[in-house]
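One structure below.
Derivation of every value follows stated rules applied to the coordinates shown; laboratory data play no part. No experiment lies behind these values; they were computed from the predicted model shown. Neighbour counts run over all protein chains shown; Cβ positions are idealised from the backbone, glycine included.
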Amino acid sequence: MTIQNYRRALWGLIVLLLGLAGLSLFVGRYPSPIWMPPQTLLHDPLAQRLVLNLRLPRILAAMLLGMSLAASGTVLQMIFRNPLVEPGFLGVSHGAAFGAALSIVALGASGLVTQAAAALFGCLGLVLSYALARHIRYGGWTLRLVLAGIAISALFSAGVGVLKYVADPLTQLPELVFWMLGALWGVTWQETLSILPVTTAALVALLLMRWRLNLLALDDATAFSLGTATARERTVLLVAAVAATAAIVSVSGVVGWVGLIVPQLARSLLGADGQRALPGAVLIGGAFALVCDTVARTALSSEIPLGILTSLIGALGFSTLMVMPQQLAPWGLKD
Amino acid sequence: MHPMIALSEIRFSYNGREHTVFENLSLEIPAGSITAILGPNGAGKSTLLHLILGILTPASGSILLGQRPRQHYARRELGQMIGLVAQDEAIPFNFTVLEYVLLGRAPYLPLLRMPRPEDSRIAYRALTTVGMEAMSGRPIQTLSGGERQLVMIARALAQQPRVLLLDEPTSHLDLSNKGRVLQLVRRLADDGVTVAFTTHEPNLTAVADYLVLMRRGQTLAAGPMDVVFTSGNLSQTYDVPVTVAQVDGRRVVLT
């Protein structure tokens, strides 16, 4: 793709994202299913409150979710040199899920306490994965981190299973299950604003280092020979990616596939160079999550958990990309 | 002529392993020439290149680069001075050839700086040097082994290095591609770049000016090609009888 075509594609994605965000303000189930005529806003105070206090913070949260997970996915795939890595794999998602479940079952908490517990345990998941990886006695650093992440995720997953088992089936279990499936239902300005600084700072840091990602995707010896401080730069990127993921998961619960499928899509559309793929993934991720969340709150009279939709659309999209001809998906699986 | 690289009394073993790779290794790589480092598998050739670059640190001994201790160089400064072409570099993402070669400009770019048009020009020039400019837009995973090796050398040339280290540069190449790479190495040395390459194939060293023979972490012999490339030295290096014969004015190994 030439630089002119890339710029055109990027501007196209920016316009698409902003257009979708504008449209999404008028999509919902009030005053009638699917569409609210814009002029309703002029004379209906309830519609004004609905758009400003419910839809707008939720649209922003959905965009932040998609952008953060897609950016984290792209970055982690590149620094771990593995296109199948996703943002939650270092114990972050399952740790956050366990933290939220624990606060719901043990403390009977909701809202900010659940969010704080999720963020705390998400970070704990990373710390434990990192500590375990340091003590694994074989394999390179990447393999050790991946193995440790799998083990810690399974541990937290077992913990969530126990909590589900002991949760009150009438009061706690529905909230817990809903949280595990991931959703932006009931997201307020307070929640959106609480994650805005961390996610914005992380996104800016990741975008500023987007070209360096290419260096970190090379062999360690080659990256070193190019003057790269591989360990330090990887740590900075890892911390930023995990911080963004933990912040988002603390509000939305576990939303899968965005961080896996969107980076693949961005690379196949715009090229593998992090300089192009990362901004593309951020915009595509924002648009993808926004569309999924708008469908989640509009399609049925009751809310569809966002995680179900991203998994459904993501799995279908992923399967399609995998069977596409090589020319259309050159990064794809080979013989 | 003073050496570009001088290793003196190097002792090195990998972390936690009792087996010592180098006990008391000393060798010199003269400036502006080609030095071949020849030895059987496991002789410590790749480890030697990683020690020169600073990827590995010796337990004791000194490494001088251009008469300055290696540890006095900042990492980016080393990146501007030495280019490395690793033995078998896995590139998991499908960069275009030019995007990949452009990574060679990293030592010249501060942490948050993107490559400038000038960097693209230098990368393109490096591609021209290896004769691969027509492939600048091709995805790297579609290249053949030989083309890929040339592109990796171009990436190292984009660093505009004074020293080029090549680790088994022709191990995966067929005869014609081997010839292309060796011709290129000769041309670079003639332009003043100090080239050192490792190999376990004695006949590949014909292109070199100097030869270092290594076996089990020791330097068995080092010096000008015509002095060191002898049946006796090579037999000792490989532990098998080796005959060096003259064929069409070139010395080749017969086993």
Rounded to the angstrom and largest first, Cα extents along the principal axes for region B:2-53 equal 37, 21, 17
With x for Gly and Pro, the residue-by-residue ³J(HN,Hα) of region B:191-196, computed from phi through the Karplus equation 6.51 cos²θ - 1.76 cosθ + 1.60 at θ = phi - 60° and given in whole Hz, is 7, x, 7, 7, 10, 10
If amide H atoms are modeled at 1.01 Å from N in the peptide plane, then the residues at a separation of 5 or more from B:Ser26, or on another chain, having amide H under 5 Å from its own are B:Glu9, B:Ile10, B:Thr219
Percent relative contact order for chain A, counting Cα pairs under 8 Å at least six residues apart, stands at 29 percent
Simple SL model, points at 7 angstrom along Cα→Cβ for B:Thr142 and A:Tyr138; separation in nm is 4.0 nm
Each label sits 7 Å from Cα toward the beta-carbon; between B:Ala90 and A:Asp168 the label points are separated, in nm, by 5.1 nm
For region A:193-240, the Cα gyration tensor yields equivalent-ellipsoid semi-axes (√(5λ), largest first, whole Å) of 26, 9, 6
The ratio Rg/Rh over the Cα atoms of region B:128-231, Rh being the Kirkwood inverse mean 1/r radius, stands at 1.00
Counting all Cα-Cα pairs in region A:1-146, those more than 27 Å apart amount in percent to 50 percent
Of every Cα-Cα pair in chain B, the percentage lying beyond 31 Å is 25 percent
Fraction of alpha-carbon pairs in region B:58-101 farther than 11 Å apart, rounded to whole percent, equals 78 percent
Partner shielding of B:72-85, taken as the mean number of other chain Cβ atoms within 10 Å, equals 3
Restricting to Cα pairs under 8 Å and 6 or more apart, the percent relative contact order of chain B works out to 25 percent
PRE zone check, label point 7 Å out along Cα-to-Cβ of A:Val204, amide N under 20 Å, scope region A:282-307, hits A:282-283, A:286
Candidate cut points under trypsin sites (Lys or Arg not before Pro) in region A:57-138, DSSP loop plus at most 16 other Cβ atoms within 10 Å of their own Cβ, are A:Arg137
Expressed in angstrom and ordered largest first, the alpha-carbon extents of region A:69-165 along the principal axes are 42, 30, 19
Output for the protein assembly as shown (equivalent-ellipsoid semi-axes, sqrt of 5λ from the C-alpha gyration tensor, Å, descending) is 55, 26, 19
Any helix of chain A counts here only if DSSP assigns it H throughout, its Cα atoms span 30 Å or more along the axis, and its mean Kyte-Doolittle hydropathy is at least -1.0, and such helices are A:3-25, A:56-79, A:112-135, A:141-166, A:230-252, A:274-298
What one gets for region A:74-323 as the Kirkwood radius, inverse of mean 1/r over different Cα pairs in Å, is 18.7 Å
Under the Karplus relation with 6.51, -1.76 and 1.60 and θ = phi - 60°, whole-Hz ³J(HN,Hα) for region B:238-255, x at Gly and Pro, equal 9, 6, 9, x, 10, 10, 9, 10, 9, 10, 6, x, 10, 8, 10, 8, 10, 10
Label model pair A:Ala315, A:Asn82: point-to-point distance (7 angstrom along the Cα→beta-carbon line) in nm is 2.2 nm
Per-residue ellipticity at 222 nm attributable to helices in the protein assembly as shown (runs of n ≥ 4 DSSP H, -39500 (n - 2.57) apiece, nearest 500 deg cm²/dmol) works out to -17500 deg cm²/dmol
Those chymotrypsin sites (Phe, Trp or Tyr not before Pro) from region B:1-81 that are DSSP loop and have at most 12 other Cβ neighbours within 10 Å turn out to be B:Tyr14
